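Data block below; observations after.
The values are calculated or read from the model by the stated rules, or taken from the named source; none is laboratory data. The shown structure was predicted, so the numbers you read here are calculated from the model rather than taken from an experiment. Using ideal geometry, Cβ is built from the backbone for each residue, glycine included, and neighbour counts are taken over all protein chains shown. SASA here: full protein model, heavy atoms, side chains in, ligands and nucleic acids out. Shrake-Rupley method; radii C 1.70, N 1.55, O 1.52, S 1.80 Å.
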Amino acid sequence: MAVRPPSLCGDSMKRETKKMAQILASPQCQLGIAKNMMNASPLTPRTWSSIVLRQKRTGNLKSSSKFQVFSVKAENSTINRLENLLNLDVTPYTDKIIAEYIWIGGSGIDLRSKSRTISKPVEHPSELPKWNYDGSSTGQAPGEDSEVILYPQAIFRDPFRGGNNILVICDTYTPAGEPIPTNKRARAAEIFSNPKVINEVPWYGIEQEYTLLQTNVQWPLGWPVGGYPGPQGPYYCGVGADKSFGRDISDAHYKACLYAGINISGTNGEVMPGQWEYQVGPSVGIEAGDHIWCSRYILERITEQVGVVLTLDPKPIEGDWNGAGCHTNYSTKSMREEGGFEVIKKAILNLSLRHQVHISAYGEGNERRLTGKHETANINTFSWGVANRGCSIRVGRDTEKQGKGYLEDRRPASNMDPYVVTSLLAETTILWEPTLEAEALAAQKLSLKV
């Protein structure tokens, strides 16, 4: 990367090269270069040209080594000034805070956000004003009537700005106050406000899997571009540079979620290299959806900062590679009490009778994942079992042994809407009642004695 000034040649060049090597080998320079590589964009030819032009105007550099060190210091200086501004603590100077309003876009899976100043810190979303955005630019409204209204619903601490600043999960309405079609939270809130559901205190533990992709090439992190790593086996919960790709992103996300107040309970590397999972819960009712959506937003922001692409595609790589799901662990008060296993079996029976209803709501592209292979059940067949990860519904050994506990719905895809999945589970197992004839036939088919 060194540029050779015309005045240097022969022995002078050798001396300067030796001096350059000594400087680059020093701990101070190595740390500076490492920091620059981690935090800065690469020095492009345009950058170098501008430095050269400046030097021509102000006089030639005496040596190539000084030129190299100067360029690194100049780049670091610019980055440091920007970092200093980003990390400014404004709390001693104003009571105002920044609220980042977050909502779900027109695809039903994309996240959007924008910022506004609030006059003072708040503790509840009801203290925040409604806002609006251009729905025609998100695929949620026509151009001639594009205003969509944001209703603040949940707040979290902002791990990016710190201080009293907040992240605000919103849902979306027409100016007349009607939920727009992509607002799945409104319907979920109706179900969770039903007295029968409230009395059952539904708990959710959601396992969000995701895949990290290299920028531009859209190929998993750690994989050779256009090629494949070794077969699956050593990567699940693996340790080492040849097995774990993206751990810093996973750890940064873990801590950011804890800071934000998200009920994150764990994380691990997954079966396919470049794929990770984190768990959120136990969460009660509508809170489960709010926490998953906010955790996804934080993950998107972190991957944005490091220049890695996040995908929630349920089968990002075809072939003998695991897909990505969003297994949902679920229980009600009755399931957690003595005799709860019988309630769980009744819930499984109901779920079997509404299998297609659930599958249609469990994520786009799920048919590529639910093939009966790679720890999945076939999408067209409902099944259940104890400790069987190849079933639609899995019941744990402890639940069977204790006669109470929870069930795991393994069908949801990684791109599922948690408002839809959690509320549908509550609706099917608490509010919906099958006919006696259908119940008897399903029980016989599933070998369930209810």
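Quick look at the values:
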item: Which listed residue, of SER244, SER295, is closer than 27 Å to GLU375 by Cα and either within 13 Å of the chain's Cα centre (by Cα) or at pLDDT below 95 (or both); result: SER295
item: Qualifying residue in region 416-439 (condition: open to solvent by less than 40 Å² (accessible area, probe 1.4 Å) and more than 23 Å from VAL197 (Cα to Cα)); result: yes
item: Spans of helices (runs of 4 or more DSSP H) in region 182-281 with at least 2 residues over 24 Å from SER107 (Cβ atoms); result: 195-200, 247-260
item: Criterion (in contact with a helix residue (DSSP H, G or I) (Cβ under 7 Å, 6 or more places away or on another chain) and either closer than 20 Å to LEU424 by Cα or not in a helix (DSSP H, G or I) (or both)) met by exactly one of ILE344, ILE302, ILE317, ILE298; result: ILE344
item: Meets criteria (open to solvent by 10 Å² or more (accessible area, probe 1.4 Å) and touching a strand residue (DSSP E or B) at 6+ places or on another chain (Cβ under 9 Å)) for ARG369; result: yes
item: Any hit, region 333-352, residues being on the phi > 0 side of the Ramachandran plot and open to solvent by 30 Å² or more (accessible area, probe 1.4 Å); result: yes
item: Scope region 221-232; condition open to solvent by 60 Å² or more (accessible area, probe 1.4 Å) and free of Cβ contacts under 8 Å to residues at least 40 places away in the same chain; matching residues; result: PRO224, VAL225, GLY226, TYR228
item: Close pairs from region 238-266: first without any contact (Cβ under 8 Å) to a residue 60 or more places away in the chain and within 21 Å of VAL280 (Cα to Cα), partner open to solvent by 70 Å² or more (accessible area, probe 1.4 Å) and of a type in the set (A, V, I, L, M), Cβ under 7 Å, at least 6 apart; result: ILE249/VAL306; ILE264/LEU258
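Yes/no per residue for (1) acidic (Asp, Glu); (2) over 22 Å from ARG301 (Cα atoms):
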site	(1), (2)
PRO142	no, yes
ASP158	yes, no
GLY163	no, no
ILE180	no, yes
TRP203	no, yes
LEU213	no, no
